[in-house]
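The values are calculated or read from the model by the stated rules, or taken from the named source; none is laboratory data. Computed from a predicted structure; not experimentally measured. Using ideal geometry, Cβ is built from the backbone for each residue, glycine included, and neighbour counts are taken over all protein chains shown.
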Amino acid sequence: MELSTALAAQLATLGSSAVELPEAIDKLHGTLLAVVPSAVGLSITVHISEIDLTLTTLPDGVRPETSLRVPLSLWADFETGSEVVFYASTPGALVDLAAELGWALELNITWSSQVADHMLVVDQHLAPLAGMSGLDDLSAINRAVGVLLSRGRSPRNAVDDLKTAATRADSSIGAAANALLARLDRTVVRQHAELSALPARARWDGTAASGDHFCGLYRGESQRDQIMLPYLREGLRNGDQCLCLIDRTDPTIIRGRLAADAGAGDEQLDVRRASDVYLVDGDFVADTMVGFLGETAAAVADADGGRQFRATGEMSWATGGPRSFEQFFTYESELNRMTSTHAPALLCLFDLDDLDAAALDNVLRTHPTIVYDQSVIDNPNYQHPDDRLASC
C-alpha cells in the first residue's frame, strides 16, 4: 500500500513542470515495477505546451495481458484525454493496484469501453498507442519551447514554430526541436559576440531617411518591439506613410500599441500580416515585392507633396524553417538599388533564433545598416548588389 500511495503521489505531480516530465515518467516507471512484479511498462499521452504527445516505456515487441488507464486531466497542465496507461504481462495483475489507486485518488473503476475522464479503466487499453519509445524527444521539445519563451515568444508561437519546422523538414516535432537546439548551440554565442564587437554609430531612436535599408536583429518579440515601434512612431510623428508587416503578433495588437501615435490619422498606419503581402498566392516573387514597395513610395510622394513612405517587415515567414533563400536574399540585395529621392525607408526584422550561420551571413551581406542592441551600426559586411552578383 505504501508503494501504491507513492505511485498516486507521483501521478499528482506529473503536471507540475513540463520541463521535468521525462524525469517524472522515469520515476513513475520504476515505482510501477516495484508495485507490480509482472509490470512491463507504461504509456503516457499528454496535451502539454499545446502539443499532443504519446510516450511509452513499453519495450518493443512486448504484448501486455492487462492494462490500467488513469486519467491525468484532474491535475494541472493536462487537458481532457491526457492519460497514463500501466501494462503488465499477467492477467489480473493490475486489479489490486486499481483498487488502491481508486481509493487514493477517489476515482471509480470500470471494465467498460465507455470511458469517462474521471474513471480508472481496466483492460480496455491493451493495444498501446504508437509513440516515442524514449523520452529524449520530449525533453528536447520542452527545452526548445523554453528557449523560445526566453527569447520572447508566446507559448502558442513557440509551439507553432516547432510544428512548422517539422512540417517543412518532413520530420517529427521532436526532430525539429533537436535541430533547433543544435543550431542554437552552434550559432548563438558566436553571433552575439560578433555583433557586439561592431562599433555603433548612434543609439537607435527610429530615425530613417529615404533609401535607408536596415536589418533589425533581435531575439524574441520584446526585443523586436524595441526596434520596430520606435521606427514606426518616429515615422508617424514625421507624417510618413507607414506600413508594418507582422506575423508573430496579431496586427490589431501592434495597431493598439501605436494608437496614441497614429491619432486621428489612422489611415497613415497600415498593419498587415507579413505572409499575406510577401507570399501572394502562396509564393514569394522578388520582382513583385520590389515593385510593390517602389510604386507605393512613388504614389505616396506624388499624392502628398513628397511625403515619405517607410515600411518594416518581420521575416519569420522566410526564415522560420528550412527553405531555399536564394530568391529571398536576391530581393533583399535588389532593395539597395532603390536610392531615388522618394525611395522608401525599409527596416527588415530578423529574429536571430531563426538564422543559422549561412542565413545570418546573407542578412549581413544584403543590409548596409544594422540595428542591434539599441545601436545603429554601419555594416562592414555589406555588399553592393553588383558585388554580390559577381560573388555568387
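Before moving on, here are some points about what is shown:
- Residue selected from the stretch 311-324 under the condition within 23 Å of residue 345 (Cα to Cα) and either at pLDDT below 90 or among the acidic types (Asp, Glu) (or both), by the criterion surrounded by the most Cβ atoms within 10 Å (Cβ to Cβ): 314
- Unmet criterion (only one of (1) more than 20 Å from residue 329 (Cα to Cα); (2) of a type in the set (A, V, I, L, M, F, W, C); (3) without any contact (Cβ under 8 Å) to a residue 40 or more places away in the chain) for residue 277: (1)
- Condition met for residue 185 (at pLDDT below 75 and among the acidic types (Asp, Glu)): yes
- Hits in the stretch 148-172 (condition: surrounded by 19 or more Cβ atoms within 10 Å (Cβ to Cβ), hydrophobic (A, V, I, L, M, F, W, C) and at pLDDT below 75): 148
- From the list 309, 350, 284, the lone residue that is under 21 Å from residue 169 (Cβ atoms), touching a residue at least 60 places away in the same chain (Cβ under 8 Å) and not charged (D, E, K, R) is 350.
- Looking only at residues of the stretch 20-53 that are among the hydroxyl-bearing types (Ser, Thr, Tyr) and surrounded by 17 or more Cβ atoms within 10 Å (Cβ to Cβ), we find that the one that is modelled with the lowest pLDDT is 49.
- Residues satisfying the stated conditions in the stretch 104-136, i.e. modelled with pLDDT under 60 and β-branched (Val, Ile, Thr): none
The rows are residues; the columns are (1) of a type in the set (Val, Ile, Thr); (2) assigned to a strand (DSSP E or B); (3) closer than 26 Å to residue 297 by Cα; (4) touching a strand residue (DSSP E or B) at 6+ places or on another chain (Cβ under 7 Å).
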position	(1), (2), (3), (4)
342	no, no, yes, no
350	no, yes, yes, yes
353	no, no, no, no
359	no, no, no, no
362	no, no, yes, no
367	no, no, yes, yes
371	yes, yes, yes, yes
380	no, no, no, no
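- Residue in the stretch 94-103 that is at pLDDT below 85 and assigned to a strand (DSSP E or B) present: no
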